[in-house]
1. Among (1) more than 14 Å from chain A (Cβ to nearest Cβ); (2) surrounded by fewer than 21 Cβ atoms within 10 Å (Cβ to Cβ), which single condition is B:Gly85 missing?
2. If a residue must be within 21 Å of the chain's Cα centre (by Cα) and within 12 Å of another protein chain (Cβ to nearest Cβ), how many such residues does segment A:93-141 contain?
3. Quickly run through segment A:264-278 and pick out the residues that are in a helix (DSSP H, G or I) and either in contact with a Phe, Trp or Tyr (Cβ under 8 Å, 6 or more places away or on another chain) or surrounded by 11 or more Cβ atoms within 10 Å (Cβ to Cβ) (or both).
4. Across segment B:17-48, which residue is modelled with the highest pLDDT among those that are facing chain A (nearest Cβ under 10 Å) and part of a loop (DSSP other than H, G, I, E, B)?
5. Strands (runs of 3 or more DSSP E) wholly in segment A:21-88 with at least 3 residues that are without any contact (Cβ under 8 Å) to a residue 24 or more places away in the chain and touching a helix residue (DSSP H, G or I) at 6+ places or on another chain (Cβ under 7 Å) - which ones?
6. Considering segment A:279-299 alone, what residues qualify as being surrounded by 15 or more Cβ atoms within 10 Å (Cβ to Cβ) and either touching a Pro at 6+ places or on another chain (Cβ under 6 Å) or part of a helix (DSSP H, G or I) (or both)?
7. Does A:Phe81 fit the bill of being more than 24 Å from A:His189 (Cα to Cα), aromatic (Phe, Trp, Tyr) and in the same structural domain as A:Phe25 (by TED's automatic domain parsing)?
8. Could you please give the count of residues in segment B:1-16 that are more than 10 Å from chain A (Cβ to nearest Cβ) and either surrounded by fewer than 18 Cβ atoms within 10 Å (Cβ to Cβ) or farther than 16 Å from B:Phe114 by Cα (or both)?
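The values are calculated or read from the model by the stated rules, or taken from the named source; none is laboratory data. Everything numeric here is computed off the predicted structure, so don't read it as measured data. In this analysis, Cβ positions are derived from the backbone assuming ideal geometry, glycine residues included, and neighbour counts consider all displayed protein chains.
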Amino acid sequence: MTATIEVTNLAKRYGPVEAVRDVSFALEPGEIVALVGHNGAGKTTLLKLLLGLVRPTAGSVRVLGDDPAAGEFEARRRLGFLPENVSFNPALTGRELLSFYARLKGQSVPDALELLDKVGLGLASSRRLGTYSKGMRQRLGLAQALIGEPRVLLLDEPTSGLDPALRLDFYDIMEVRRASGATVILSSHALAELGDRAGRIIILNQGRMVANGTIDELRHLARLPAKIRCRSTEGNANILSHKLSAAAACRRVNGHTVEIDVLPERKLEILQLVTDLPVSDIDVIPPSLDELYAHFLRAEAAS
Amino acid sequence: MRNVLLIAGKEIQESLRNRWVLATTLLLAALALTLTLLGSAPTGSVAVQPLGVVIVSLVSLSVLLLPLIALLLSHDSIVGEIERGTMLLLLSYPVGRSQVLLGKFVGHIAVLGFATILGYGIAALVLGTTGTEIDSDSLLAFLTMVMSSVLLGAVFVAIGYLISSLVRERATAAGIAIGVWLAFVVLYDMGLLGLLVIDQGHNISAATLNLLLLANPTDVYRMLNLAGTSGVSTFAGVAALSNAMTLGAVTLLAVLMLWVLLPLLLAAHIFTRREL
């Protein structure tokens, strides 16, 4: 399969600030990619480089086979973008704005207007944008990004300002786009909700890419301990914690629950041990994206 | 081309929505009507003026007002959209930056042209209905005046874009726009007059004076309208200046066009290279 986005040794410098340094990756169709990093890590700059809005200081960018900064418009017809803090001219209505963007992309206007229903703005479509709430603007931003079934979607902080129900809708829409072969890049702080939805995670720190892989690959690389949480049968908590502490580092969470940190290679061994003890319930909690993120940042700082 | 028209259409739609078109048209019509009907009120008589006098009054009005309206429309076109974040989204679409600029230009000229033609046209129509005699000479002068007023607006729209593409903040653009307006509309002529008085005709030749006048688009506009036709220049006090002038109307129009083109091209050049 050919990559939809290919970035090679990409660097961008603003004066003395190196916003992006030596980043390389290739993304395939049908992937949801989470771009993770804290404020100022270079996420937005990277997205702008992919859009061709800023030119790289070094390295190269190919999006759908084109260099986006060279002013080749063909690729942009099949590209959707949702900026962070999306804003629109307050004088126009949702319907007018979406028609304008559809025409600009050379797409059918009626098809684009159907997107308004899809993002739940059907009723508000003839209201002026000045009356829209933050969540509604975000939904309209999403609708315009989806015009023309784009093959590449770049979404900067897409779920900020959305309520939980809408977030679920949002991820459903992303999943549909992914299944039809689009590459979806989303930058976010909401690591917990991204973890199980993104097929690939790219972690940026101070402009450098410190990790790139599926969440399983990252877990494997990080070798972070998983947590095994055991609930003892009535009155046996002491026995449980006593026996377990001989095998691995463990701690009492409360009167009847004990938590053990185990490295990946000892997980099965410990689980077998636990099942022979007086337990009523076992949970295995793999390291979360938050923990992985923190781990990679620490590793980067140490090196 | 399609993109240019789309962006121009959106610009016009927005100007209609936020009442820019309405306000500008009403303002120009009201002032033009006042000048037409009450132009000589300060001298004690209230009467309808001949078209020649109306043209002189309207030129003085346009020189002050149109650059101001044009700069107000255009000064935050680029920096304002960048600051609000709408430019980022627009440029992620398959549209070139020079197309964006040209589209805005076409839209703004349409707004300005509509307001000027309608506003001044109303004044001419009212004059016609009062039975004032209008010969073909002054009618031509009137048409020239209206069209060159739109062109003068275009000059300052282009200058506004240039300002807007250069600065980082909207407030800076507004400040510079006011400064540019003051410099071209008020200070330049005062300075030039002062210079002529001091010089007493020793060093500044007619050719130099011509060049100095061409260096200010509002003076080009004045020369075009006040000295161009004999029917008008008799009413215009500045006719003394025009004695020395040897520039034809075509040259003056060409210079005004150049005043549109150069800032526009420069703005496009800067905007295309600007990083968001």
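1. Here B:Gly85 clears every test but (1).
2. 3
3. Going residue by residue through segment A:264-278, those that are in a helix (DSSP H, G or I) are A:264-275.
Within segment A:264-278, A:Pro264, A:Arg266, A:Lys267, A:Glu269, A:Ile270, A:Leu271, A:Leu273, A:Val274 meet the criteria.
4. The qualifying residue modelled with the highest pLDDT is B:Arg19.
5. Working: elements: A:31-36, A:58-63, A:79-82.
Passing ranges: none, list empty.
6. The answer is A:Leu289, A:Glu291, A:Leu292, A:Tyr293, A:Ala294, A:His295, A:Phe296, A:Leu297.
7. Details: more than 24 Å from A:His189 (Cα to Cα): no; aromatic (Phe, Trp, Tyr): yes; in the same structural domain as A:Phe25 (by TED's automatic domain parsing): yes.
Judged against the criteria, A:Phe81 is not a match.
8. 2
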